[in-house]
Amino acid sequence: MENPRQNQYSPIRDFSDFFADPRYSIEEVVGIGGDLKPDRLIYAYTRGIFPWADRPLLWFSLDPRAIFDLNVLHISSRVHRRIRQKKFTVTFNRAFEQVMRCCAFRTEEQTWITENFLQGFTNFHKEGYAHSVEVWDENGRLGGGVYGVAIGKFFAGESMFSFLPDFGKIGLYFLFEALKKDGFTLFDTQQMNPVTLNLGAYEIPKDKFLDRLSLAVAIPSKWVPPVDEI
């Protein structure tokens, strides 16, 4: 049964002349330039394409592709204990831009989350396609969070941060729980790294990913996450 909180999206522009078709391209970069406006982002994400670099803006479709099984999240007994203790508050979409800026914060390396990305994805959030999870400590400080893109039954996890121990993982746990409740079938984490590997991500061939994606976005509705505090 379709979630009554979900809404259909409006038709979008055709960007087939801008992007190479991921099903036939042997290159992982399938587009250069353009912008981060919602219509282009919707077209890209529903075809397995995502932006990952700026100046110039580069669009990728990776092979293999890293994904999560929403029923399998590897978190330690310590994190489970923190979740049971409930010394935090979890919200959705309360501080989207702040979460993005926290994800962009680096002390010893550059970030791909530039001001261009911040503006583009904040606008995408306002259109109802990009979402954040915030985890606040008992004093109301933002200690961790996650943000990503949701279209239909597909979620693309973009980035996660923890300023307080385990708060990012707690946010991911509650995001998974909300997505499972609303019948999501595919969680994309794009490229494997040590963090996602330890959390349970695994790789599948690009063609298999695109097959699963096409089913997940067949009804490309907007997701409306929980509105109450957790």
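Look through 60, 15, 96 and report the one residue that is crowded, with 19+ Cβ neighbours inside 10 Å, over 20 Å from residue 199 (Cβ atoms), touching a helix residue (DSSP H, G or I) at 6+ places or on another chain (Cβ under 6 Å) and among the aromatic types (Phe, Trp, Tyr).
When all the criteria are applied, what remains is 96.
Just to be sure I understand the filter: pairs with C-beta atoms under 8 Å, separated by 6 or more residues or on different chains, first member in the range 102-130 and on the phi > 0 side of the Ramachandran plot, second member open to solvent by 20 Å² or more (accessible area, probe 1.4 Å) and β-branched (Val, Ile, Thr). Which pairs pass?
128/224
When the residues of the range 158-191 are narrowed to those that are under 20 Å from residue 204 (Cβ atoms) and among the polar types (S, T, N, Q), which ends up surrounded by the most Cβ atoms within 10 Å (Cβ to Cβ)?
Among those residues, the one meeting the criterion is 189.
Within the range 172-179, can one find any residue that is more than 16 Å from the chain's Cα centre (by Cα) and of a type outside the set (Ser, Thr, Tyr)?
No, every residue in the range 172-179 fails to be more than 16 Å from the chain's Cα centre (by Cα) and of a type outside the set (Ser, Thr, Tyr).
Before we move on, is residue 227 farther than 17 Å from residue 43 by Cβ, touching a residue at least 12 places away in the same chain (Cβ under 8 Å), β-branched (Val, Ile, Thr) and open to solvent by less than 70 Å² (accessible area, probe 1.4 Å)?
no
Is it the case that some residue within the range 65-79 is β-branched (Val, Ile, Thr) and within 30 Å of residue 141 (Cβ to Cβ)?
For the range 65-79, residues β-branched (Val, Ile, Thr) and within 30 Å of residue 141 (Cβ to Cβ): present.
Among all residue pairs at least 6 apart or on different chains, which show Cβ distances below 8 Å where the first residue, located in the range 72-96, is over 28 Å from residue 125 (Cβ atoms) and the second is part of a helix (DSSP H, G or I)?
74/198; 74/199
Only one of 124, 155 is touching a Pro at 6+ places or on another chain (Cβ under 7 Å), open to solvent by less than 20 Å² (accessible area, probe 1.4 Å) and at pLDDT 95 or above; which?
On inspection, the qualifying residue turns out to be 124.
Run residue 65 past the list (1) within 13 Å of the chain's Cα centre (by Cα); (2) buried (at least 22 other Cβ atoms within 10 Å of the Cβ); (3) farther than 16 Å from residue 175 by Cα and report the number of the one that doesn't hold.
(1)
The values are calculated or read from the model by the stated rules, or taken from the named source; none is laboratory data. Values in this document were obtained by computation on a predicted structure and should not be read as measured data. Methodologically, a virtual Cβ is constructed for each residue, glycine included, from the backbone with ideal geometry; neighbour enumeration extends over all protein chains shown. Surface accessibility is based on the protein's heavy atoms, side chains included, excluding ligands, DNA and RNA. Shrake-Rupley method; radii C 1.70, N 1.55, O 1.52, S 1.80 Å.
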